[in-house]
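Structure first, then comments.
We did not get these values from a lab; they are worked out from the coordinates using the rules stated. Computed from a predicted model, the values in this text were never measured in an experiment. In this analysis, Cβ positions are derived from the backbone assuming ideal geometry, glycine residues included, and neighbour counts consider all displayed protein chains.
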Amino acid sequence: MMNGQRFLVAITGASGAVYGVRTIRALKQLDHEVHLILSKWGAKTLQYETGITSTQLEKEVDAFYDEEDLSAGPASGSFPLSGMVIVPCSMKTLAGVANGIADNLIARAADCTLKERRHLVLVVREAPYNLIHIRNMEKVTEAGATVLPASPAFWHRPKSIEELVDSVVERILIHLGATATPTTTWEGTIE
């Protein structure tokens, strides 16, 4: 393991692949070891939304796993991780995690993260939510996860899409325990 911590990032097929890319890059910038699981639909959405291929993104991380490989390290609670983020998290993946259906490596690794009482952040992407979505968010929250909808802040007056995305990424890092120093903090209103 490197000087930093080891984090697992999973990218599913929900819209918002840029959040996953920016999270990986922010973790690497903080000298953390980053492992990646990219779902089949996550790879397609990544390329469609960002122009980045799965092969290109694999080169930016320390380890890459196939979502169907349930023999990979993250499928075991004994695999050392400081935390995991699913970013973006599809409602299908949320449902699997909420109901203990560990039928792929993303859901299994999330299950292990919960049972080992490690940081698990689910950056859900859907709007509006139906009652099933809300109940699944309730279940994972009760199990110890953090549900962090991809809802960017505007109060810091972002000047670019990157700044807007990074307002969510910073919240992810804080909830993962990957950084203790937020760069964007609310200081109150200016009159």
Would you point out the residue of segment 154-167, among those that are in contact (Cβ under 8 Å) with a residue 12 or more places away in the chain and touching a Ser or Thr at 6+ places or on another chain (Cβ under 7 Å), that is farthest from A17 (Cα to Cα)? H156
Of those in segment 62-79 that are crowded, with 17+ Cβ neighbours inside 10 Å and within 16 Å of the chain's Cα centre (by Cα), the residue farthest from T183 (Cα to Cα) is E67
Matching residues, segment 4-21, being touching an Asp or Glu at 6+ places or on another chain (Cβ under 6 Å) and farther than 20 Å from K92 by Cβ: G4, R6
Among S82, S90, S39, the single one that is within 12 Å of the chain's Cα centre (by Cα), polar (S, T, N, Q) and surrounded by 16 or more Cβ atoms within 10 Å (Cβ to Cβ) is S90
Criterion: on the phi < 0 side of the Ramachandran plot and out of contact with any Lys or Arg (no Cβ under 8 Å at 6 or more places or on another chain) - qualifying residue of V97, V165: V97
Hits in segment 106-164 (condition: among the charged types (D, E, K, R) and under 19 Å from F7 (Cβ atoms)): R108, D111, K115, E116, R117, R118
Residue ID - surrounded by the most Cβ atoms within 10 Å (Cβ to Cβ), chosen from residues in segment 138-161 that are of a type in the set (A, V, I, L, M) and over 30 Å from E187 (Cα atoms): V140
For segment 57-70, how many residues are touching a helix residue (DSSP H, G or I) at 6+ places or on another chain (Cβ under 9 Å) and either polar (S, T, N, Q) or assigned to a helix (DSSP H, G or I) (or both)? 1
Just to be sure before I move on: is T23 buried (at least 23 other Cβ atoms within 10 Å of the Cβ) and β-branched (V, I, T) in the structure I sent? yes
